Structure formats: structure tokens, C-alpha cells
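Heads up: the structure comes next, in C-alpha cells.
What follows is calculated from the coordinates using simple rules that are stated; it is not laboratory data. Small disclaimer: the values here were computed from a predicted structure and weren't measured. Cβ coordinates were reconstructed from backbone atoms using ideal geometry, including for glycine residues, and neighbour counts include every protein chain displayed.
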Amino acid sequence: MAERLAKRTDLHVVISLAGRTKSPAPQPVPVRSGGFGGAAGLAEYLRKERIDALIDATHPYADIISANATAAARQTAVPLIALRRPPWRAVAGDRWSEAVDVADAVRRLGERPRRVFVTLGRGELAPLTTAPQHFYLIRSVDPVEPPLSLPRVGYVIDRGPFGEADDRALMRAHAIDAVIAKNSGGAATYAKIAAARALGIEVVMLHRPAPSNGPAVESVDEAIAWLDHAISSATAGGMARGV
């Protein structure tokens, strides 16, 4: 979406990142990093920067950020749309079970030692230490610091998008027999799901939070069409400001 909007001369676009990734991917528009201080802080930012439209394009599991965006938009009357990636759907050959949280996912692995591929945020890994009998292969964009207090753990530092053939090779190389993942949707990280299906590996999927109330679309094209409509009434020949 940023690549599409960067070409527009009628918009001033700002991307806001949570700041949890040390070296985020470069973007073609200005970027701010770090939290706002809740809904009130975001509302103040929208007022101060005279934002004309707000697009919530955060991760499907970042429910607090989405809730704050919804509340701030209501407080300021700034038009808001959520860009929500549709969840993945199980197809023939998938072996999925759904867990309410990471602790539940670890319990679902059972007592027998297993070899588990984990693709969660670095701040969500603590429950793994309650089941040290398993081997965990953890993939993240940044290193897990400090390393987990586990007797058998491996780390892969990598950034998507990932390829199915590469993920199949990774799982085979580490004799993986279970995957813990989020149902993020989209194509960038689907490779592990397809690879698990091809290899007959069980996937424990974390339950996806219910979306915040408010309008939502599922594609960049729909978000940009909404944006054009939203800013048409907010400007009169000037430059619109959006985040």
C-alpha cells in the first residue's frame, strides 16, 4: 500500500510502526516508530498532525492497536478503515487444531517429546519453557534476547516472504513434527502452512482475535478506493494528510 500511495502527489502519507523490530523493512514514505500512549495519545497525534484519514493495516493479532485506532478515530471524527487480511482456511491435507493462546498451544503438543517449529513474536515465547521436553526451532526477524532457558532450542533469524520449498527443506532438516503459528493470512508467511501440509505435519494455530468494530476491507485496492472517497470531502484542492 505504501508503494502505491508514495506515487501520489495529492497525499502526505506517514507509516506508523510499533517499533518492535530493530531493522524494519525500508519504506517509500516517511515512517514514525513507537507507541502513541494508547487511544488518547493517538487521538492527540491525529489532531496535531491534522490527519484526514486513518488506515489500520496492523497485524491481525495486534488487537490492542486496532482497538486504540477505533477509539481515537471516534474521538477525533477522523475517517477510519481497517485493512484486514482474510484468515487462511484449512484445505484437504491440513492437520490443524486451534489453541486459545500460546500456553494452550504448548499443552496441545502433549507430553511426548516433539520437534516444534515456532513462528511467534519474540514477546510470546515464555510459555514454551513450561514444556522443556520438546525441541523448539524458533524463527524471528530479530534475535530472541535473552535466549530462552530451554535445553533444546534452535533459532532462525530471517524475514519473509518465505518460499514453500525452503520451508519444506527447513522442516526436513530439523525433523519437525509440529508447527505453532498464527493465522496471519496473506501470502508472505503461508509457505510454512503449505510445507506442513505437504509433509503431513500437525499445525497448532493460535485463535485469531475478534476484529474491532468498524468498517473493514480485505485488499489494498479496496483500501485505496475508500481513501479516495474519504479525502474527497476532507480537502478542497489541497494536500490530504493520512497515516
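Observations on the model:
- Computed lengthening from Lys7 to Ile157, 0.36 nm per intervening residue step minus Cα-Cα distance: 50.8 nm
- Calculated [222 nm] ellipticity per residue, helices only, for the chain: -8000 deg cm²/dmol; basis is -39500 (n - 2.57) per DSSP H run with n ≥ 4, divided by all residues, nearest 500.
- Remark: the chain carries a charge dipole of roughly 340 debye about the Cα centre, counting +1 on each Lys and Arg Cβ and -1 on each Asp and Glu Cβ.
- FRET efficiency estimate (nearest 0.05) - Cβ-Cβ, Ala92 to His229, R0 30 angstrom: 0.15
- By other beta-carbon atoms within 10 Å, ranking Ser219, Ser66 with the fewest at the front produces Ser219, Ser66.
- Of the residues Ile231, Ile64, Ile81, the one with the fewest other Cβ atoms within 10 Å heads the list, and the complete ranking is Ile64, Ile231, Ile81.
- In sequence order, calculated HN-Hα J values of the range 4-13 (Karplus, 6.51, -1.76, 1.60; Hz; x Gly/Pro): 5, 6, 4, 7, 7, 8, 9, 10, 10, 9
- The separation of the range 30-79 from the range 139-188, counted between C-alpha centres, amounts to 31 Å.
- Prolate/oblate/rounded label for the chain (Cα gyration tensor, a/c 1.5): prolate
- In terms of other Cβ atoms within 10 Å, Leu125, Leu42 run from fewest to most in the order Leu125, Leu42.
- Charged side chains reduced to their Cβ positions (Lys and Arg at +1, Asp and Glu at -1) give the range 59-131 a dipole of some 220 debye around its Cα centre.
- Under the Karplus curve 6.51 cos²θ - 1.76 cosθ + 1.60, θ = phi - 60°, whole-Hz ³J(HN,Hα) for the range 87-94, x wherever Gly or Pro sits: x, 5, 10, 5, 10, 3, x, 6
- Classified by the C-alpha gyration tensor, the range 96-206 has a rounded form. Its axis ratio a/c, with a ≥ b ≥ c, is below 1.5.
- Look at the dipole of the range 96-206 built from charges on Cβ: of Ala131, Leu109, His174, the Cα furthest out on the positive end belongs to His174.
- Between Ala71, Val14, Trp96, the Cα set farthest toward the positive side of the dipole of the chain (charges on each charged residue's Cβ, about the Cα centre) is that of Trp96.
- Using only side-chain charges placed at the Cβ, +1 for Lys and Arg and -1 for Asp and Glu, the dipole size of the range 96-206 relative to its Cα centre rounds to 240 debye.
- The phi-based Karplus calculation (6.51 cos²θ - 1.76 cosθ + 1.60; θ = phi - 60°) puts the 3J(HN,Hα) values of the range 67-78 at 5, 5, 5, 4, 5, 5, 5, 5, 5, 9, 6, 7 Hz, whole numbers, x for Gly and Pro.
- Ignoring lysines fewer than eight residues from Lys182 along the same chain, the ones with Cα atoms less than 18 angstrom from its Cα are Lys192.
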